[in-house]
1. For the stretch 328-347, which positions are part of a helix (DSSP H, G or I) and over 11 Å from Ala294 (Cβ atoms)?
2. In contact with a Cys (Cβ under 9 Å, 6 or more places away or on another chain) and among the aliphatic types (A, V, I, L, M): which single residue out of Val512, Val462 fits that description?
3. I'm trying to understand the selection: among the residues of the stretch 297-322, which are in a helix (DSSP H, G or I) and not hydrophobic (A, V, I, L, M, F, W, C)?
4. Considering (1) open to solvent by 10 Å² or more (accessible area, probe 1.4 Å); (2) in contact with a helix residue (DSSP H, G or I) (Cβ under 6 Å, 6 or more places away or on another chain), say which one Cys439 fails and leave the rest.
5. Out of the stretch 81-98, which residues are aliphatic (A, V, I, L, M) and open to solvent by less than 10 Å² (accessible area, probe 1.4 Å)?
6. Based on what the data block shows, is Val101 closer than 30 Å to Arg253 by Cβ, open to solvent by less than 10 Å² (accessible area, probe 1.4 Å) and at pLDDT below 90?
7. Among the listed residues Met288, Met283, which satisfies the condition of being in a helix (DSSP H, G or I), buried (at least 20 other Cβ atoms within 10 Å of the Cβ) and not polar (S, T, N, Q)?
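The values are calculated or read from the model by the stated rules, or taken from the named source; none is laboratory data. Predicted model, so just to flag it, every value in this text is computed and none were measured. Ideal geometry is used to build each Cβ from the backbone, glycine not excepted, and the neighbour counts take in all protein chains shown. The protein model used for the area step is the full one, side chains on, heavy atoms only, and it has no ligands, DNA or RNA in it. Shrake-Rupley method; radii C 1.70, N 1.55, O 1.52, S 1.80 Å.
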Amino acid sequence: MTAVRRCADLPSLSSPAPLLSRLSAAASRLLQMRKYGSRKEDGGGLRNGRSSSASRPGFIDPSSWKCFDSRSVGIPTGSIPRDCMALLQRLKRKGFEAYLVGGCVRDLLLKRAPKDFDVITTASLKQIKKLVFPRCFIVGKRFPICLIRMHGSTYEVSSFQTNPSQVKGNENVNCSEEIDGHDEGDTLRWKDSLRRDFTVNSLFFNPFNNRVYDYVSGVNDLRKNKVCTVIPANVSFKEDPARILRGLRVAARLGFQFSSETSTAIRDLSPSIKDIDKTRLAMEMKYMLSYGAAESSIRLLRKYGLLDILLPLQAAYLSDQLKGKSSDRGLMLMNLLANLDKFFSADRPCHCSLWVALLAFHNALVNSPQDAQVIKAFAALMHFGTWDSAIEFLNEDVGAPVTYVPEALGPSGSKVDNLMERTSHLASLVKSSVDTLTCLNTLKQSVVRYPGASQFSGLVFVSVREKGRVLGIFNGLDDLTSYDKRRGMHGIDYKLLEDGVTAEVRFVLGKVIMDTMSTESCASTGDAAALPRPAADVTGAAHRPLSTLFHSGESE
């Protein structure tokens, strides 16, 4: 990038009046910029003449802006889906700049498969619809975007031209129209980065020139495994409380830690998530629990007091079970979530009905503990699809069923006839327990059984429609003699599972419970589960380690 202009490049001092005017304007602008730039975090401030990650928000320090070749860290264009590249190329052919932005750039740098690929362009939303993608949909009020569907995939495309005034608090970061010594593209990307939630989500990638742009020390925070807000955390979370949940999601999935300022703000402002629209709340919970990080997400939600608001029954259960314990290792709920996570990742999610059904199943056992053999029969029935197949599995299963307190009792040697009746009864208990996640009164009555539970939040975010879908998973289990839900294939169809097809959800739910009741699969990783599983290198290319980027403060 071009260097910032030096003092020698300034106009002559021969005109005192214009000079005083310029100095006055510069002083005023400097005061505004320092509104954010003067804050310190973790001993932050300026280091070696460059901004630390702590001094980034609103402080115009172009020397901290970074740009590097994506190929040097192993991100070839082949790592981007073909449809996404076609979308970017169509925008470019129409004369617009277009970049990948946000979490997808972060994940590509970390050699992880991105959940999705978001695009930002210099075209306005109206231009996108009129000139490039006539069939797209413009959605959103606070920060509108275009939804573009291509061959079954949906891409979110935002615009640099979206009015910054639509973003609350933007007046604090939109300090000037131009930055001396840098081109219009830098200024445009820098301003947009200041409107984003976390530094690690504020990276831009242009696959046409193989350049990654970083204006808020996002790469530095990636190197440190830190989640930091772009603007001061208390301002950011007041501006949009959903950012609290998004931050937890990032930390849970990547195994990152929060900066001290961000962590404090989450604790202080956690009650504000009750103000989030229920539809959006359900979406954020889906992102947290459906993408292979449910166990670590629940831990973080509990750590910051958010589980008491979102899932009060599960919060009360964990508090009760963890009395006098230093770890949640061995708790059935955490083992269920750990085994759920084994099947999913950012690019292979499940439908939310799966984890809702799993929580309902666990609630039923907490309220009415069952013989371990009954639980295994129930799980095998859902997984294999017929009662005969479930019995065959139980007969071949030589391992001793795992017992959990209070959910699973030791095996009692039940006869097959009685086992069928008790398995069917368990199914009816599970169907009844769905109300604890969808009905406010039922949830309140269930939480009362825990004297030490936190004050009830009065929040239920699982919809009535979702309740019907979950109940459908357990339909037909009242008559096991004629029960037949065989799928006709062995492996998981992840497309059907993501779409919430009942047979696929039921199949995986049975497998998760079976694994949890197995001595070989039940062990939770305890606190270490917050660390991400090793991710496959999605690029397959030789590259410099991310930890070496800008180690000496250089810009390529």
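1. Answer for the stretch 328-347, where residues must be part of a helix (DSSP H, G or I) and over 11 Å from Ala294 (Cβ atoms): Met332, Asn335.
2. Selected residue: Val462, the only one of Val512, Val462 that is in contact with a Cys (Cβ under 9 Å, 6 or more places away or on another chain) and among the aliphatic types (A, V, I, L, M).
3. Ser297, Arg299, Arg302, Lys303, Asp308, Pro312, Gln314, Tyr317, Ser319, Asp320, Gln321, listed by residue number.
4. (2)
5. Those that are aliphatic (A, V, I, L, M) and open to solvent by less than 10 Å² (accessible area, probe 1.4 Å): Leu87, Leu88, Leu91, Ala98.
6. When the stated conditions are applied, Val101 does not pass them.
7. One residue alone meets the criteria, Met288.
Table: residues versus (1) touching a Gly at 6+ places or on another chain (Cβ under 8 Å); (2) of a type in the set (S, T, N, Q).
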site: Leu310; (1), (2): no, no
site: Gln314; (1), (2): no, yes
site: Gly324; (1), (2): no, no
site: Arg329; (1), (2): yes, no
site: Leu337; (1), (2): no, no
site: Ala346; (1), (2): yes, no
